[in-house]
Amino acid sequence: MRFGIIGCGTIAQIMHIPNVVEIPDAELAAICDPAENVTATLGDRYNVPADRRYAEPEGLIDDVGDELDAVIVTTPMQTHADIVERALTAGVNTLVEKPLAVTPADADRLAAVAADSDATAMVAYNRRFELAYERLARELDDVDRVDSITAYAVDADFSRSLPDVYDLVQPELSESFIERSIERRREQCKQAIGTDDEDLAAAYDFQLEHVCHDVNALRGLFGDVTSIEHVDFVRDGHFGTAHLTFEGGEQCVLQTGDSERHWHEQFLRVDAPDRMLRLEFDHPFIKYNAASLSIRDGTTETVDREYTPTREESFKRELERFINCVRGEASVPTPIADAATDVELITSLFDHATE
């Protein structure tokens, strides 16, 4: 399958581009990024012809969209809506990084476009493709009653460690381009939660990009959220707690935030009368850093089990699943309509916090 990559930033350079190159059934046929130094360096590194290196998404889609089997959109979230709409309208199969869009209105628009398009559309929630996550879903089939769910995700400052691990190409962009991009993103965040408060918009910006993974993972296991209560944000909205109730009655305490700590911590814990299941995620930008599942069960004696898969990369499994979906060999596990619901749910957290 011939792929075009639209947006060649950190996650594209670490995960998406190498995975396309490494998978035998995939080929990197075109790349797009507004930074010419990025497309030049990566184009040379991965043997992408000079006439298949683009600065604008429209150029790639309009020029070679009909030659490609799919595009992967990894641009900043404020640009997703326009790019994905153009790709799907052109009939190009599309895998887009999370979050789907900044505003619920744009997310709903994409859900409608995807429903009308014959192209395959999928959102890149790589945590859903962790083997330990899939194992947890199977283990939950044997759980009769869930007493409580705890979801915890606190980011570290990843930018400090990544340059020591990867040879990343830093974009060379004009100040005016960067300022326009920041302003567009800020205005969309304000629109999403209906505020003129710069700090609140910045908090939504962080939380949307950060907690959408956790919200989608929870919904993948427990279904839709039917109520949101006791939402509280501190540190200008960069650390929050919320109580969620799912359609089956399960209740979850969600904690989300960022920190200056050296380590990343993210886990999902399920407590039942006779067992405890804990899914723990590791550093999200380190390849082959698989999630692990710990299970402690027993009412008369304690039995511990540990499931730690190795040599499996969730981003690569995600791409392989997308390829199968494009070929009609599998159903889309993370459709655009579900991702639109995630965006709406996260805006609702801010609605409840400001009531």
Original post:
Going highest first, how would you order 221-227, 9-15, 90-96, 273-279 by mean Cβ packing within 10 Å?
Top reply: 90-96, 9-15, 273-279, 221-227
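May I ask you to rank 234, 326, 123 by accessible area, largest first, using a 1.4 Å probe over the protein chains only?
Order by accessible area, largest first: 234, 326, 123.
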Original post:
Which far-off residues, 5 or more places away or on another chain, put their amide H under 5 Å from the one on residue 155, with H placed in the peptide plane?
Top reply: 257, 258, 259
Original post:
In deg cm²/dmol, rounded to 500, what helix-only [θ] at 222 nm does the chain give when every DSSP H run of at least 4 residues adds -39500 (n - 2.57) and the total is split over its residues?
Top reply: -12000 deg cm²/dmol
Original post:
Based on the Cβ-Cβ distance from residue 331 to residue 137, what FRET efficiency comes out when R0 is 25 Å, to the nearest 0.05?
Top reply: 0.95
Original post:
Taking the Cβ-Cβ separation of residue 263 and residue 178 as r and a Förster radius of 25 Å, what is the calculated FRET efficiency to the nearest 0.05?
Top reply: 0.25
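If you roll a 1.4 Å probe over the heavy atoms of the protein chains, what accessible area per residue do you get for the chain, in Å²?
Spelled out: the 1.4 Å probe surface of the chain, per residue, equals 45 Å².
Rg/Rh for segment 9-140: what does it come to with C-alpha atoms and Rh from Kirkwood?
0.99
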Original post:
Mind listing the phi-derived Karplus ³J(HN,Hα) values for segment 275-286, rounded to whole Hz, using 6.51, -1.76 and 1.60 with θ = phi - 60°, and x for any glycine or proline?
Top reply: 7, 10, 10, 10, 9, 10, 9, 9, 3, x, 9, 9
Original post:
Counting only protein heavy atoms, what percent of the accessible surface of the chain is carbon or sulfur at a 1.4 Å probe?
Top reply: 44 percent
**OP:** Looking at the chain, send over the antiparallel percent of its DSSP beta bridges, to the nearest 5.
**Re:** 60 percent
Subject >> Under 5 Å, built H, 5+ apart or other chain: amide partners of residue 231 >> reply: 243
Original post:
P(r) for the chain: what percent of alpha-carbon pairs falls in each 10 Å bin, starting at zero?
Top reply: 5, 24, 34, 26, 9, 2, 0
**OP:** Ignoring everything but the protein chains, give the 1.4 Å probe accessible area of residue 213 in square angstrom, nearest 10.
**Re:** 30 Å²
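The values are calculated or read from the model by the stated rules, or taken from the named source; none is laboratory data. Fair warning: this is a prediction, and the values are worked out from it, not measured in the lab. Don't worry about glycine lacking a Cβ; one is built from the backbone with ideal geometry, like all the others, and counts go over all protein chains shown. Only protein heavy atoms, including side chains, enter the accessible area calculation; ligands, DNA and RNA are left aside. Shrake-Rupley method; radii C 1.70, N 1.55, O 1.52, S 1.80 Å.
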